[in-house]
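Worksheet: the structure to be examined is printed underneath.
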Amino acid sequence: MSAPAIRIASMNKYYGHFHALKGIDLEVARGEKIVICGPSGSGKSTLIRCINRLEEHQSGVIEVNGIELNDNVDNIEEIRREAGMVFQNFNLFPHMTVLENCTLAPILARKIGRAEAEKTAMEYLTRVKIPEQAHKYPGELSGGQQQRVAIARALCMAPEIMLFDEPTSALDPEMISEVLDVMVGLAKDGMTMVCVTHEMGFARQVADRVIFMADGEIVEQGPPEEFFVNPKSDRTKTFLSQILA
Amino acid sequence: MTASVMPAALSRQPVLGVLKKKYFATRLDAAVTVLFAAFIAWIVWSLVNWGVLDAVFGPNQGDVCREDLEGGACWSVVSTRWRIVLFGLYPFEEQWRSGIACIAMVVVAILSCIPWFWSARRLPVLWVVGFATFYVLMRGGFLGLAEVTEQNWGGLSLTIFIFAAVSLLGMPLAIIFALLRRSKLPWIARTMALVIDTIRSLPLLTIMFTFAIVMPFVLPDWAIGDKLYRVIVGYALFFACYQAEIIRGGMQALPNGQEEAAKALGLGYWHRIGYIILPQAFRNALPPTINQFVITFKETSLVTIIGFFDVMASGRAASGTAEWNFAVVEMYVFVALIFYVFVFSLSRYGAYLERRLGVGRR
């Protein structure tokens, strides 16, 4: 288990002529919790989406669990099974019940039996505190509940890494804490986490490292106490003064 | 009438009150209401007179019809010659086979509308059995059943067979077309778009003619097959091009996040398509899909022109003899009724599906 959970080296991403990510270098150790923040358009979502190939990078290396991310579809699917993702807009499957949402991928992609998959799903739904909603459809749940289902759905694949892409940005304020509580619990259990979020309270509480991005580059990174108390670059200072104001 | 009277009147005699308020509010309203009520009553009365009271129902009463001065409908033409409408040129003594085959096909169609059969294993088995039963009974040529070639199939049986075959061949083809059209490889997507647009630009009649008459010159002998099957293939291709665009529309209505979420869970292409994309695309595209089926059912009548006796042509033939040529209208009414029963059931089934799949919930 020597390989880091994620290793990204001099990675570049272009949209046409637009240079979206510029020479990104990043290593995430097993069990490490990373929070990525930065102004909108800084490339933070693009970066996290490159890790499981929802976006394709043009040069450099991305390795997840020691598996290199390239055009090999088997590699891509292997990496996607190992790295669960939670989206801003939940993206639950509206035509399936909560339980079916949680068991679909384990049954199809992990070849787990239905009974066992359902048992696991119920355990995770209990953990995100909504086992009683298992037989409802996503449309019948609140935003906060949907996002917790989305987290449970990702966890059902027993991933080693969890990627969070602004998981609380689409939620009403009173629902944010119920989702963050689940994420804090997950962090305490030792999950490797990469979170794009503006929740600085969450960053302070669980992050081992905070990364600040701007214009497609990693501008600054460090442990939260240092990052928040003593930011080095001017851009970081400006950003922090804006969102902490 | 004053406003203060209304509530009391409404509560005591709700029906009358509502009637009064809606249809007799002013003198003009009342006049229009009476006028149209009289007009509708006159139409209904004339129809009942023509179709029921003055009509001749029993078989073989053409003479009675002709002497009938009341001018009522002559349903005798239907009760005498209905077999031609249902079975076309199919040999008279063998028509029970065509009847059973027809019923088998309708039963299979009804069964496949029941959700229990909607599985990748049950549905294909059901349809293979259905088509095999139909073919074996219609074609015969074994166990003492006389052989009847496709050229002699006809009537309602033929119409149902063509419709079922076109739908069953066309639907998978439509899905494949829609997926190819969405392909990430530009040359595949563009070629498919070109094929779809080309076939859609041609009249169905042209396609049927091409497959029925031109194809035999082009195809190798072993691939020619009967004219009926060539026409079905051509029609299925036509159906598939329209239906592919309907399915593609349903797919495009899905948010990107659906496919991304499926990818992020590690689901492969076919799993994503089969479990996430297509089920939702079909829900979105249900109303136009039912529409397409309705149009397809009605347009089966076009096969008449290349020499098949579908239900429409058979109806015309049944009332086309010197003995019955005065009863054309009655025969058309009967044929229209057959179409109505099928298409209306299809529409109601579509409405049921929409409710069941909760199209409105999203």
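Summary of values
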quantity: Percent carbon-and-sulfur accessible area, the range B:147-296, ignoring ligands, DNA and RNA, probe 1.4 Å; calculated: 68 percent
quantity: Value at 222 nm in deg cm²/dmol, rounded to 500, when DSSP H runs of n ≥ 4 in chain B each add -39,500 (n - 2.57); calculated: -21500 deg cm²/dmol
quantity: Loop GluC sites (Glu not before Pro), the range A:186-245 (other Cβ atoms within 10 Å of the site Cβ: 15 or fewer; DSSP); calculated: none
quantity: The range B:98-156: trypsin sites (Lys or Arg not before Pro) in DSSP loop, at most 15 other beta carbons within 10 Å; calculated: B:Arg121
quantity: Sparse-neighbour loop sites [chymotrypsin sites (Phe, Trp or Tyr not before Pro); the range B:116-160; at most 13 other C-beta within 10 Å; DSSP]; calculated: B:Trp118, B:Phe142
quantity: Mean Kyte hydropathy of -0.5 or more with a Cα span along the axis of at least 30 Å, helices from DSSP in chain B; calculated: B:27-48, B:155-181, B:227-252, B:328-357
quantity: Peptide A:156-163 - average C-beta neighbours from other chains (10 Å radius); calculated: 1
quantity: Rounded, prolate or oblate (a/c below 1.5 giving rounded, otherwise prolate when a/b exceeds b/c) for chain B by Cα gyration tensor; calculated: oblate
quantity: List of the range A:72-109 residues, accessible area with partners at least 30 Å² below that of the chain alone (1.4 Å probe); calculated: A:Glu77, A:Arg80, A:Phe87, A:Asn91, A:Phe93, A:Pro94, A:His95, A:Leu104, A:Ala105, A:Leu108
quantity: Expected 222 nm ellipticity per residue - DSSP helices of 4 or more, -39500 (n - 2.57), all of chain A, to 500; calculated: -12000 deg cm²/dmol
quantity: Cα shape, the range B:33-131, gyration tensor, a/c 1.5 rule; calculated: oblate
quantity: Interface B:A - total buried accessible surface [probe 1.4 Å, Å², rounded to 100]; calculated: 1900 Å²
quantity: Å² of accessible area per residue within the range B:244-362, as computed with a 1.4 Å probe and no ligands counted; calculated: 44 Å²
quantity: Farthest toward positive dipole pole in the range B:76-357 [+1 Lys/Arg, -1 Asp/Glu at C-beta], among B:Gln95, B:Gln243, B:Ile232; calculated: B:Gln243
quantity: Shape box of chain A [Cα atoms, principal axes, largest first, Å]; calculated: 53, 43, 36
quantity: In Hz, Karplus ³J(HN,Hα) per residue of the range A:170-176 (6.51, -1.76, 1.60; θ = phi - 60°; x = Gly, Pro); calculated: 9, 9, 5, x, 6, 9, 5
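The values are calculated or read from the model by the stated rules, or taken from the named source; none is laboratory data. Since the structure is predicted, the reported quantities are computational estimates derived from the model, not experimental observations. Reconstructed Cβ throughout: ideal geometry from the backbone, glycine too, with neighbour counts over all protein chains shown. We work out accessible area using only protein heavy atoms, side chains counted, and drop any ligands, DNA or RNA first. Shrake-Rupley method; radii C 1.70, N 1.55, O 1.52, S 1.80 Å.
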